[in-house]
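Only one structure is covered here, and it is reproduced in the block below.
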Amino acid sequence: MDHLRIKPEVKEALEQGRPVVALESTIIAHGMPYPRNVETALNVEKVIREHGAVPATVAIIGGEIRVGLTPEEIEYLGTAKGVLKVSRRDMPLVISKKMDGATTVAGTMMAAAMAGIKVFVTGGIGGVHRGAGESFDISADLEEFKTTNVTVVCAGCKSILDIPATMEYLETKGVPVVCYGADEIPAFYSRRSGVMAELRMDDPREIADMIRAKDALELPGGVLVTCPVPEEDEIPFEEMDGYIQEALADCARDGVTGKRITPYLLSKVKDLTEGRSLEANIKLVLNNAAVGAEIAKGLAK
């Protein structure tokens, strides 16, 4: 396929039917400060390898979609200026202009599907923003689940969003949502959100079997697997919600809109929590990587 380059290690694993896990790059270019962004990206790849799968971090460099990055390319993304945040709508422009781009959840799902990768690990997905009834602000990530057959393993949608509305939206689109090892949908930094899970599974192999059945039925779209942040690393929901309300007020005051909202809010929350949110973010991504690798192994078998 034009504009797509798959790292030889990843290509060989796919051809041999071995487990591969895709990873996004927005967390590198826009989600964390340097050098924690690069350290985290490399550690996530390390966890996936330790669990017997091959990592494939996705980004656009020089207008080329790259599925599987070298450590040098990850370092470049973590330090370069002007790296765009790339979702579905942005991909044609970034490719035609031969620009650099960090892929969002939607962008990474697209690239993973192009390469034939079935499992993708991230921190949290986008969703329905608070106040979307007036703003109509709903992440393109949710629309991607409707059409792109990739399983996304995360810690739920980001807690700055409207979690109940996000779950309702996914239900309307027919997207299976599995809560791994818990009865409540996690709220990113927090293990609980007050939203009960429709489907709980405690074994990655059981999740892999469900995905395999979905494919056998030729049902379109993706699957969402939510994993609670490890208990020792969480920030309780009630405490976190207070910080988020304060950050949202600042966002409205400063007139922040569109794709700038999420990075703005995450930065504000990091300051308000004195860095605790960043540490929780790192730990939950590493936890998601371990679960995602086990699901990929189940699918490969």
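The values are calculated or read from the model by the stated rules, or taken from the named source; none is laboratory data. Note that the structure is a prediction, hence the values are computed from the model and not measured. All Cβ positions, even for glycine, are placed from backbone atoms using ideal geometry, and neighbour counts span all protein chains on display.
Residues that are modelled with pLDDT under 95 and touching a His at 6+ places or on another chain (Cβ under 9 Å) are absent from region 120-130 altogether. In this structure, is residue 113 at pLDDT 95 or above and buried (at least 23 other Cβ atoms within 10 Å of the Cβ)? No, not satisfied. For residue 242, indicate whether it is among the small types (Gly, Ala, Ser) and either over 24 Å from residue 283 (Cβ atoms) or part of a loop (DSSP other than H, G, I, E, B) (or both). Taking the combined requirement at face value, the residue does not satisfy it. Once region 47-73 is narrowed to residues that are part of a helix (DSSP H, G or I) and either polar (S, T, N, Q) or under 17 Å from the mean Cα position of the chain (by Cα) (or both), the residue that is surrounded by the most Cβ atoms within 10 Å (Cβ to Cβ) is 48.
Checking region 117-128 against the condition returns no match, with no residue being in a helix (DSSP H, G or I) and either β-branched (Val, Ile, Thr) or surrounded by fewer than 21 Cβ atoms within 10 Å (Cβ to Cβ) (or both). Among the residues of region 103-116, the ones that are under 12 Å from the mean Cα position of the chain (by Cα) and either acidic (Asp, Glu) or not in a helix (DSSP H, G or I) (or both) come to 2 in all.
Yes or no, residue by residue, for (1) over 20 Å from the mean Cα position of the chain (by Cα); (2) among the polar types (S, T, N, Q); (3) farther than 15 Å from residue 157 by Cβ:
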site: 173; (1), (2), (3): no, no, no
site: 186; (1), (2), (3): no, no, no
site: 190; (1), (2), (3): no, yes, no
site: 210; (1), (2), (3): yes, no, yes
site: 214; (1), (2), (3): yes, no, yes
site: 252; (1), (2), (3): yes, no, yes
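Screening residue 257 with (1) free of Cβ contacts under 8 Å to residues at least 12 places away in the same chain; (2) more than 25 Å from residue 143 (Cα to Cα); (3) surrounded by fewer than 13 Cβ atoms within 10 Å (Cβ to Cβ) gives one miss only, at (2). Scanning region 184-243 for residues that are among the hydrophobic types (A, V, I, L, M, F, W, C), touching a residue at least 60 places away in the same chain (Cβ under 8 Å) and either surrounded by fewer than 14 Cβ atoms within 10 Å (Cβ to Cβ) or within 25 Å of residue 148 (Cβ to Cβ) (or both) gives 188, 207, 208, 211, 223, 224, 225, 227.
The lone criterion from (1) crowded, with 19+ Cβ neighbours inside 10 Å; (2) within 15 Å of residue 124 (Cβ to Cβ); (3) of a type outside the set (Ser, Thr, Tyr) left unmet by residue 268 is number (2).
If I ask for residues that are over 15 Å from residue 27 (Cβ atoms), among the charged types (D, E, K, R) and either in contact (Cβ under 8 Å) with a residue 40 or more places away in the chain or in contact with a helix residue (DSSP H, G or I) (Cβ under 9 Å, 6 or more places away or on another chain) (or both), which ones from region 72-98 would you list? Scanning region 72-98 gives 88, 89, 90.
Please indicate, with yes or no, whether at least one residue in region 222-233 is over 18 Å from residue 284 (Cα atoms) and at pLDDT 95 or above. Yes - at least one qualifying residue is present in region 222-233. Exactly one residue among 45, 72, 39, 64 is under 15 Å from residue 288 (Cβ atoms) and among the acidic types (Asp, Glu), and that residue is 45.
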